[in-house]
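Q: Structure below; questions to follow.
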Amino acid sequence: MPTVRENNKPSDVNVEEFRGQLLDWYDRHRRVLPWRALSGQTPNPYHVWLSEIMLQQTTVGAVGPYFTKFLDKWPDVQALAAADQDELMEAWAGLGYYARARNLHKCAKEVVRLYGGKFPNTKEELQNLPGIGDYTSAAITAIAFNKPATVVDGNVERVMARIFAVKQPLPKSKPKLKELATLFFNGYANRPGDLAQAFMDLGAGVCIAKTPRCSLCPVSNHCHALAEDIAADLPRKEKKKKKPQKYGHIYWITDGNGSVLLHRRPDKGLLGGTLALPTSQWLADSKDLSRPSFIEAVKCESYKKAHIDHSFTHFDLKLTLRRAENYTATVPEGYFWTPREEIEIQSFPTVFKKAVAIFLK
Ligand code: SF4
């Protein structure tokens, strides 16, 4: 039987026994998820792909309603390929990273154009499609097509770090954790889709961050972190550097009828293509802030001395709220007026939702 060994560790893990225990447990405890085929059903690649793209952003619980909404509106990849881009962006609002929504749309179009609406079933072909990287292509290959692939998400990394008591912190340990995962996935053709999902379920429900439920674990007899009593400490993480801070103003501008000026951000760049309120530039020093030129002519004042804080991946942002009334000049391309009562807060990405909520109060 194959065994594996972590550096400097005098202990072995029996891979076949481990897989058998994990899959037995999965057969009894597998999660029922809106995008997951039930036992005995054939997985739908469109469902698997859509859910994996959404899950790159957020948790299983948060994705559920979005997934259902998308399937109602666009029940298959052909329908999604033909979707109106603005409608798609609005349906995505709240899931973050709009570049992913744009890639989702591009990918659906490519699947229709190149493959007649049928997802390809090899990792290499999948990886050539927009928005599908190493992890997602592996997940689709294994889960949708039941073909061997090494599927390593955060859950699998955590399980590997603990099973082999890998003390090197993340992210440096990523290659090592992937190499360890390969030992379980590589060449395993029997139930590769179930194996990937079993690891995911174990990480999501038993081998959870901070407080692993080792007494419920089907593979605890293989776990070196448990034996060393360091399971809750792993995986270790390098201390995060403090993000740079940026500042800006965000404007609630109304015309003589009380309509509000909104902005469709350019497709390229941060929050590209999303619905927004007008803002100044976002700069590292608040003293350098100035109004966008098209609102220079109108009197702007601080709104309730309020501000919002929002954290992006690479920086933190503080936006102070400002208001201007009775704007009469022409607005530039990309800006448009909307009656206040027609403003739907759900259509904005989170950073703007926070401001709109304050202005609408
Ligand atoms: Fe995770 Fe505990 Fe199971 Fe080890 S025994 S894999 S730490 S749940």
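Q: By how many degrees, 0 to 90 and rounded to 10, does the Cα axis of helix 98-115 deviate from the longest principal axis of the chain?
A: For helix 98-115, the angle is close to 60 degrees.
Q: Then there's this: To one decimal place, what Kirkwood hydrodynamic radius in Å is obtained for the stretch 279-361 from all pairs of distinct Cα atoms? Working shown, then result.
A: Details: mean 1/r = 0.0691 Å⁻¹.
Hydrodynamic radius (Kirkwood, Cα only) of the stretch 279-361 equals 14.5 Å.
Q: Which value in deg cm²/dmol, rounded to the nearest 500, describes the helix-derived mean residue ellipticity at 222 nm for the chain, given -39,500 (n - 2.57) per DSSP H run of n ≥ 4 and division by the residue count? Don't skip to the answer; put the middle values down first.
A: Numbers: 13 runs with 139 residues, N = 361.
Estimated from H runs of four or more residues: -11500 deg cm²/dmol.
Q: A further question on this structure: Around residue 144, what is the net charge, scoring Lys/Arg as +1 and Asp/Glu as -1 over all other residues with Cβ under 12 Å from its Cβ?
A: Working: positive: 36, 118, 123, 147; negative: 52.
Residues close to residue 144 contribute a combined charge of +3.
Q: Can I ask one more? Any idea what the alpha-carbon Rg over 2.2 N^0.38 Å comes to for the stretch 201-340? Working shown, then result.
A: On the way: Rg = 24.1 Å, N = 140, 2.2 N^0.38 = 14.4 Å.
Taking N as the residue count of the stretch 201-340, the ratio is 1.67.
Q: On to the next question. If one takes the longest principal axis of the Cα atoms in the chain, at what angle in degrees, from 0 to 90 and to the nearest 10, does the Cα axis of helix 174-185 lie?
A: 50
Q: Between the stretch 309-361 and the stretch 188-226, how far is it from one alpha carbon centroid to the other, in angstrom?
A: Cα centroid to Cα centroid, the span is 44 Å.
Q: Please report, in Å, the Rg and the Dmax of the stretch 199-259, where both are computed over Cα atoms only.
A: When restricted to Cα atoms, the stretch 199-259 yields Rg and Dmax of 23.5, 72 Å.
Q: Could I ask something else about it? Ratio of alpha-carbon Rg to the 2.2 N^0.38 Å globular estimate for the stretch 1-136, to two decimals, please. Please list the in-between numbers first.
A: On the way: Rg = 18.3 Å, N = 136, 2.2 N^0.38 = 14.2 Å.
Relative to the 2.2 N^0.38 Å estimate, the stretch 1-136 comes out at 1.29.
Q: Follow-up. For the stretch 109-251, with equal point scatterers placed on the C-alpha atoms only and solvent neglected, what are the log10 I(q)/I(0) values from the Debye formula at q = 0.14, 0.19 1/Å, to two decimals?
A: With one equal scatterer per Cα and no solvent, log10 I(q)/I(0) is -0.74, -1.06.
Q: Return, for the Cα atoms of the stretch 38-92, the radius of gyration and Dmax in Å, separated by a comma.
A: Computed over the Cα atoms of the stretch 38-92, radius of gyration and Dmax are 11.7, 38 Å.
Q: Computed over the Cα atoms, what is the radius of gyration of the chain divided by 2.2 N^0.38 Å, N being its residue count? Don't jump to the answer; show the numbers that get you there.
A: Working: Rg = 24.4 Å, N = 361, 2.2 N^0.38 = 20.6 Å.
Here the Cα radius of gyration is 1.18 times the empirical estimate.
Q: Please report the equivalent ellipsoid semi-axes of the stretch 250-310, computed as sqrt(5 x eigenvalue) of the Cα gyration tensor, largest first, in whole Å. Intermediate results must be reported in sequence, preceding the final value.
A: Details: eigenvalues 72, 61, 29 Å².
After scaling each eigenvalue by five and taking roots: 19, 17, 12 Å.
Q: Return the equivalent ellipsoid semi-axes of the stretch 99-150 as a descending list in whole Å, where each equals the square root of 5 times an eigenvalue of the C-alpha gyration tensor.
A: Working: eigenvalues 65, 33, 12 Å².
With the √(5λ) rule applied to the stretch 99-150, the semi-axes are 18, 13, 8 Å.
Q: Expressed as an acute angle from 0 to 90° and rounded to the nearest 10, what is the orientation of the C-alpha long axis of helix 192-205 relative to the principal long axis of the chain?
A: 70
Q: For the stretch 338-355, what does the Karplus curve 6.51 cos²θ - 1.76 cosθ + 1.60, with θ = phi - 60°, yield as ³J(HN,Hα) per residue in whole Hz, taken in order and with x for Gly and Pro?
A: Couplings: 9, x, 3, 6, 9, 6, 10, 4, 5, 7, 9, x, 3, 4, 7, 3, 4, 6 Hz.
Q: Based on alpha-carbon centroids, what's the gap between the stretch 121-159 and the stretch 52-108 in Å, whole number please?
A: Between the Cα centres of the stretch 121-159 and the stretch 52-108 lies a distance of 19 Å.
Q: A follow-up question, please. Mind putting a number on the dipole of the chain about its Cα centre? Charges go on the C-beta only, +1 for Lys and Arg and -1 for Asp and Glu, and I need it in Debye to the nearest 20. If you can, show how the numbers build up before the last one.
A: Values: 50 positive and 39 negative charges, 215 e Å.
My answer is approximately 1040 debye.
Every number in this text was worked out from the coordinates using simple rules, so none of it is lab data. All of these numbers come straight from a predicted model, not from anything done at the bench. Using ideal geometry, Cβ is built from the backbone for each residue, glycine included, and neighbour counts are taken over all protein chains shown.
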